[in-house]
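Enquirer: My structure is below; once you've seen it, I'll send some questions.
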Amino acid sequence: MRIAIIGSGYVGLVTGACLADFGHHVTCIDSNPKKIALLQSGEIPIFEPGLASLVRTNSQSERLSFTTGLAGPVGEADVVFIAVGTPSRRGDGHADLTFVYAAARDVARAVRGFTVVATKSTVPVGTCDEVERVIRKANPQAHVAVVSNPEFLREGAAIEDFKRPDRIVVGTLDDQRARDVMAQVYRPLFLNQSPILFTDRRTSELIKYSANAFLAMKITFINEIADLCEQVGAHVQEVARGIGLDNRIGAKFLNAGPGYGGSCFPKDTVALMKTAQDNGAPLRLIETTVAVNDQRKRAMARKVVSACGGSLRGKTVAVLGLTFKPNTDDMREAPSISIIQALVDLGARVRAFDPAGHEQAVAVLNETVVLARDPYNCVEGAHAVVIITEWDVFRALDLAQIARQMATPVMVDLRNVYRRDEVVKHGFTYANLGDGVCGDERTLSVAAE
Ligand code: UDX
């Protein structure tokens, strides 16, 4: 099949590379000539494990190409994916659909013959209807079927997620021809037993937002349970295991942390909340999730203060991990941003190390942090080390060496990477999340009673 993908960002690029790998002929289009020139020369503008080699192999086999010119590839395509950004609109938090509708107008002028136009961008309910209206207005002769085909991949695991999805969702009008084309696009995945769910367009659009909102709520739930564990002397990791073994709950997304971040959960929860409010059916659970998560990020700084004996004034804090999660260089809505700002506001100097995020971090954090070249250089002379992102390189640090290098060996582990006993034996004061024996006086007194 011939496939054109408009938007060579995260989703567009991963989709393009994986569909080419399935054997389709794919052209990835982007209006940014620098990005296209980079991709044509075999360079990848984003950090995603495995993507560079997938792009290289499929480019060499001439199944994958890159261009700024939309008309040619769209004219030849059986399917055009719209995978442009849908950022939060300034001021009201609604998804900004400017790029989606601009792409729809470009498609309208370029299509020839029957073409399926699939929205891969995360778009609010009703957007496909509007995309169809925009196309018909720009070109009443266009023979298109507009379908919704949301993407569920995670950064850092994008290729695996694309190639082995839990499900594929396709929303169409009652249009068998469009369904057959989409089934053909994903045929290699059915052979892998991935189920495909055909539904109507509005339902499909809402499935994507509901999935992200549910996961954000699940994380927020376990984060609040972690806070409770600290007060009552229980252990959140064991609570998570105990509830996660119930198949109705499931074990995934129950890791307590400093609050969810990234390019999707924060923006999509707010956009869904707005849609719900506008339609007179407010989602109170999601409204609370958003508020609790926002507060949580800054509250993490108070944990550092208390581990440091009540004040950060004049102290140096070493931060390990800046990106919103490991295996990405993405800093969007990363908890580190709010936490570092709060630490600085409380009088600390902050030194930080991240395996991949320095370039993006400089753009966001400006002068607030000094970047270190490795974890050991980062902790030199520091009064506390805070693990914010659970990169693998932070899982097996030489704790004896770290303790020796620090001014005072204090560790605040916001991802529960370490076990208390293995850290404490090196002389650290150790604080983590949801671990009710973490030296909290009230917990100890409850335990003693
Ligand atoms: C998410 C969805 O998982 C994906 O399906 C969707 O397509 C895009 O949004 P992504 O943002 O790449 O993917 O990352 P994800 O792994 O879901 O993590 C999001 C945030 O939640 C991160 O900040 C992560 O640290 C946090 N998280 C995740 C937790 O705090 N605890 C968990 O148990 C899981």
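The values are calculated or read from the model by the stated rules, or taken from the named source; none is laboratory data. What you see is a predicted model, and the numbers here were worked out from it, not measured in a lab. No Cβ is skipped: glycine too gets one built from the backbone with ideal geometry, and neighbour counts run over all protein chains shown.
Enquirer: State yes or no: is Ala110 away from the ligand (no atom under 16 Å from the Cβ), under 16 Å from Ala4 (Cα atoms), in contact (Cβ under 8 Å) with a residue 40 or more places away in the chain and surrounded by 15 or more Cβ atoms within 10 Å (Cβ to Cβ)?
Expert: yes
Enquirer: If you take the residues in segment 184-233 that are within 16 Å of the ligand (Cβ to nearest atom) and charged (D, E, K, R), which one is nearest to Phe253 (Cα to Cα)?
Expert: Step by step, filter segment 184-233, then rank; the result is Lys218.
Enquirer: Here is a further query. Any residue that is of a type in the set (D, E, K, R) and farther than 23 Å from Gln184 by Cα - is there at least one of those in segment 67-79?
Expert: No: zero hits.
Residues are listed down the side, and each one gets a yes or a no for (1) acidic (Asp, Glu); (2) closer than 24 Å to Gly262 by Cα; (3) out of contact with any helix residue (DSSP H, G or I) (no Cβ under 9 Å at 6 or more places or on another chain); (4) free of Cβ contacts under 8 Å to residues at least 24 places away in the same chain:
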residue	(1), (2), (3), (4)
Ile286	no, yes, no, no
Val305	no, no, no, no
Arg313	no, no, yes, no
Leu320	no, yes, no, no
Lys325	no, yes, yes, no
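Enquirer: Something else now. What's the total number of residues in segment 20-49 that are in contact (Cβ under 8 Å) with a residue 60 or more places away in the chain and not acidic (Asp, Glu)?
Expert: 6
Enquirer: Identify, please: which residue in segment 141-171 is without any contact (Cβ under 8 Å) to a residue 40 or more places away in the chain and among the small types (Gly, Ala, Ser) and is, among those, nearest to the ligand (Cβ to nearest atom)?
Expert: Selected residue: Ala145.
Enquirer: Taking the stated definitions as given, is Tyr209 aromatic (Phe, Trp, Tyr), within 23 Å of Asp78 (Cα to Cα) and under 24 Å from the mean Cα position of the chain (by Cα)?
Expert: On the way: aromatic (Phe, Trp, Tyr): yes; within 23 Å of Asp78 (Cα to Cα): no; under 24 Å from the mean Cα position of the chain (by Cα): yes.
No, not satisfied.
Enquirer: Could you list all residues from segment 172-211 that are in a helix (DSSP H, G or I) and either among the aromatic types (Phe, Trp, Tyr) or farther than 16 Å from Ser148 by Cα (or both)?
Expert: Arg187, Pro188, Leu189, Phe190, Leu191, Tyr209
Enquirer: For segment 46-65, how many residues meet the condition of being closer than 13 Å to Gly16 by Cβ and part of a loop (DSSP other than H, G, I, E, B)?
Expert: Of the residues in that region, 3 qualify.
Enquirer: State yes or no: is Asn416 assigned to a helix (DSSP H, G or I) and either closer than 25 Å to Asp345 by Cβ or within 29 Å of the chain's Cα centre (by Cα) (or both)? Before the answer, list the steps.
Expert: Values: assigned to a helix (DSSP H, G or I): no; either closer than 25 Å to Asp345 by Cβ or within 29 Å of the chain's Cα centre (by Cα) (or both): yes.
Judged against the criteria, Asn416 is not a match.
Enquirer: In segment 237-259, which residue that is more than 11 Å from the ligand (Cβ to nearest atom) and of a type in the set (A, V, I, L, M) is surrounded by the fewest Cβ atoms within 10 Å (Cβ to Cβ)?
Expert: Per the stated criteria, the residue is Leu245.
Enquirer: Checking the condition closer than 19 Å to Ile3 by Cβ, surrounded by 21 or more Cβ atoms within 10 Å (Cβ to Cβ), touching an Asp or Glu at 6+ places or on another chain (Cβ under 9 Å) and assigned by TED's automatic domain parsing to the domain that holds Phe162, which residue from Leu70, Leu64 passes?
Expert: Working: Leu70 fails: surrounded by 21 or more Cβ atoms within 10 Å (Cβ to Cβ).
Being closer than 19 Å to Ile3 by Cβ, surrounded by 21 or more Cβ atoms within 10 Å (Cβ to Cβ), touching an Asp or Glu at 6+ places or on another chain (Cβ under 9 Å) and assigned by TED's automatic domain parsing to the domain that holds Phe162 holds for just one of Leu70, Leu64, which is Leu64.
Enquirer: Which members of segment 352-410 meet the condition of being among the charged types (D, E, K, R), away from the ligand (no atom under 16 Å from the Cβ), part of a helix (DSSP H, G or I) and more than 13 Å from Leu322 (Cα to Cα)?
Expert: Narrowing segment 352-410 to residues among the charged types (D, E, K, R): 354, 359, 367, 373-374, 380, 390, 392, 395, 398, 404.
When the remaining residues are screened for being away from the ligand (no atom under 16 Å from the Cβ), the result is 359, 367, 373-374, 380, 398, 404.
Within this subset, residues satisfying the condition of being part of a helix (DSSP H, G or I) are 359, 367, 404.
Glu367, Arg404 - these are the residues of segment 352-410 that are among the charged types (D, E, K, R), away from the ligand (no atom under 16 Å from the Cβ), part of a helix (DSSP H, G or I) and more than 13 Å from Leu322 (Cα to Cα).
Enquirer: Could you name every one of the helices (runs of 4 or more DSSP H) located completely within segment 69-169 that has at least 3 residues being closer than 28 Å to Asp278 by Cα and acidic (Asp, Glu)?
Expert: Of the helices (runs of 4 or more DSSP H) lying wholly inside segment 69-169, those with at least 3 residues that are closer than 28 Å to Asp278 by Cα and acidic (Asp, Glu) span 127-138.
Enquirer: Against the conditions (1) modelled with pLDDT of 95 or more; (2) touching a Leu at 6+ places or on another chain (Cβ under 8 Å); (3) surrounded by fewer than 16 Cβ atoms within 10 Å (Cβ to Cβ), where does Pro33 fall short? Just the number, please.
Expert: Single failed check for Pro33: (2).
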